[in-house]
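Just so it is clear, none of the values below were taken in a lab; they were calculated from the coordinates. Bear in mind the structure is a predicted one, so any value in this text is a computation, not a measurement. All Cβ positions, even for glycine, are placed from backbone atoms using ideal geometry, and neighbour counts span all protein chains on display.
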Amino acid sequence: MSASVTYRAAPGGRLGGRVRVPGDKSISHRSIMLGALAEGVTDVSGFLEGEDCLATLEAFRIMGVKIERPEPERVVIHGAGMRGLRTPHKPLDLGNSGTSMRLLCGLLAGQPFSATLIGDASLSRRPMKRVIEPLTLMGVRVEASPDGTAPLIIHGNTELHGIDYVMPVASAQVKSALLLAGLYAQGRTCVSEPAPTRDHTERMLQGFGYPIARHGNTVCVQGGGKLRAMRIRVPADISSAAFFMVGASIAEGSDIVLEHVGVNPTRIGVINILRLMGANIELLNERTAGGEPVADVRVRSARLHGVFIPAEQVPLAIDEFPALFIAAACAEGETVLQGAHELRVKESDRIQVMADGLDALGIAARPTPDGMVIQGGAFSGGEVDSHGDHRIAMAFAMAALRAGAPVTIRDCANVNTSFPGFAGRARSAGLGIQQV
Ligand code: S3P
């Protein structure tokens, strides 16, 4: 991948009109994985054609699954059944995608073959022990680098056994990896989470006809069942819509409608936190599509004020902090985030990289080990480095709406991992952004 994409965003402007952002990344990944293991043909519409989900798709093609792409954003998966995957004849390259790698660790744990998982420089730094350790308890052997990072070799074992696992971190990727391994295990696999995390795996397993038991913060699957193919309509990704929610909130005179956004309660931390800050956000036409709650989200500009971000909102907004930090920089007073150490091990160290970028644009931001303290102020304009992190690039693009001079953002090629066409869509909504 080239690191040469730079964004230049002109200062000022406002956002308006109706925008549909691309499909949800988490749901798109899971649609390929469960569709591949199902019996029958799974038809997916609204699929996110970002590099991360395409890496998942390619991995299953390498494992012998027939997957067609008849038209944009549509994928047709000819399920191979629970025992139908073939030995991959080369390493599965998962690019920048932590979700692909961690969920595949679980799914491959019960296969009758070994597979090698590799990724780009960022993914090769990300912690994998969080999935390797519990999967090892289930009976699989995983080879990793000494510090527990990729490349990984998963030596599948067809005699996995179920475990009861209490996760030390609130991670939907770890939970999902264990549930996927649990489909192949003897007995029951139960995962308890310290705080609610996104539940797309549980919802989709049920949609595929696989029973799930939930009690409080614990979810269990019984191994040995089957998945029945289904039709999946992927909603627009709230994590991508979040940039427009923040942009419209901070840019005076904005009034935008984000269409068909997934508003699963385990994902709406960004809306809850922005509302606490005084944002004007309405959910219109609330409905259910394919087992997931969906709404059109209208956002009008508002005077934001700093807040202490409630701890329980952190896992519900974990991918949205780059955008929320931009909102905090435009708010009156101080915003404090704590309990978000996970941000340090995302596609970049999002605490440090955001603090550096805010500082470069004249905002007082103090990074802490597990969060940030931001004093609202005025963006000066200037240059920031996204460190190849898609969400940091898009967050700083929106900062230009309130900047006194142009904002240049370096190393933006990875925006294509989650939001292909971002610059074009942002431009048509009113942001003066150019890709150079
Ligand atoms: C995801 C879970 C989250 C999130 C990631 C997608 C998923 O990661 O940050 O972008 O699809 O399950 P963690 O499980 O590490 O919190």
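Whole-Hz Karplus values for region 291-308 come out as x, 10, x, 9, 8, 8, 10, 9, 10, 10, 4, 7, 7, 8, 10, x, 9, 8 Hz, taken residue by residue from phi with 6.51 cos²θ - 1.76 cosθ + 1.60 and θ = phi - 60°; glycine and proline positions read x. Ordering V353, I326, A364 by the projection of their Cα atoms onto the charge dipole of region 305-382, which places +1 on the Cβ of Lys and Arg and -1 on the Cβ of Asp and Glu, puts A364 at the extreme positive end. Of the trypsin sites (Lys or Arg not before Pro) found in region 23-85, those that fall in a DSSP loop while having at most 16 other beta-carbon atoms within 10 Å are R83. Going by the alpha-carbon gyration tensor, a ≥ b ≥ c the square roots of its eigenvalues, is region 269-320 rounded (a/c under 1.5) or, if a/c is not under 1.5, prolate (a/b greater than b/c) versus oblate? Verdict is oblate for region 269-320. Modelled label positions at K129 and E286, each set 7 Å beyond Cα in the direction of Cβ, lie 4.2 nm from each other.
Just to verify a number: FRET efficiency for D359 and R275, C-beta to C-beta distance, R0 = 45 Å, to 0.05? It comes out at approximately 0.95. Over every pair of different alpha-carbon atoms in region 25-233, take the mean of 1/r and invert it; report that Kirkwood radius in Å. Value: 16.6 Å, from the Cα pair sum. The DSSP beta bridges internal to the chain are antiparallel in roughly 70% of cases. Just to check, using Stokes-Einstein with a Kirkwood Rh over alpha carbon pairs, what's the diffusion coefficient of region 84-188 at 10 °C and 1.306 mPa s in µm²/s? Approximately 118 µm²/s, per Stokes-Einstein. Projecting the alpha carbon convex hull of the chain along each direction and taking the average yields 18.0 nm². In this calculation the C-beta distance from N217 to V345 is compared with R0 = 25 Å, giving a FRET efficiency of 0.65.
Annotation for E68 and S192: the two label points, set 7 Å from Cα along the Cα-Cβ direction, are 4.7 nm apart.
At R0 = 41 Å, how high is the FRET efficiency between S4 and H161 if r is their beta carbon distance? Nearest 0.05 is fine. Working from the Cβ atoms, E equals 0.25. Just to confirm the filter: which GluC sites (Glu not before Pro) across region 231-298 are DSSP coil and have at most 16 other Cβ within 10 angstrom of their Cβ? For GluC sites (Glu not before Pro) across region 231-298 that sit outside H, G, I, E and B with at most 16 neighbouring Cβ atoms in 10 Å, the list reads E252. Extension gain, A311 to H89, is 75.4 nm, computed as 0.36 nm per intervening residue step minus the present C-alpha separation. Under the simplified labelling scheme, the L137-S428 pair shows an inter-label distance of 4.8 nm, with each label point 7 Å from Cα along Cα→Cβ. Here the Karplus curve 6.51 cos²θ - 1.76 cosθ + 1.60, taken at θ = phi - 60°, turns the phi angles of region 379-384 into couplings of 6, 8, x, x, 10, 10 Hz, with x standing for Gly and Pro.
Residue pairs exceeding 20 angstrom between C-alpha atoms, taken from K90/K129; K129/K346; K129/K226: K90/K129; K129/K226. Helix content alone sets the calculated 222 nm mean residue ellipticity of the chain: runs of n ≥ 4 DSSP H residues at -39500 (n - 2.57) each, divided across all residues, give -8500 deg cm²/dmol.
Separation of region 234-295 and region 321-396, taken as the distance between their Cα centroids, equals 21 angstrom.
A cut-off of 5 Å between modelled amide H atoms, ignoring neighbours fewer than 5 places along the same chain, links Q186 with L160, H161, G162.
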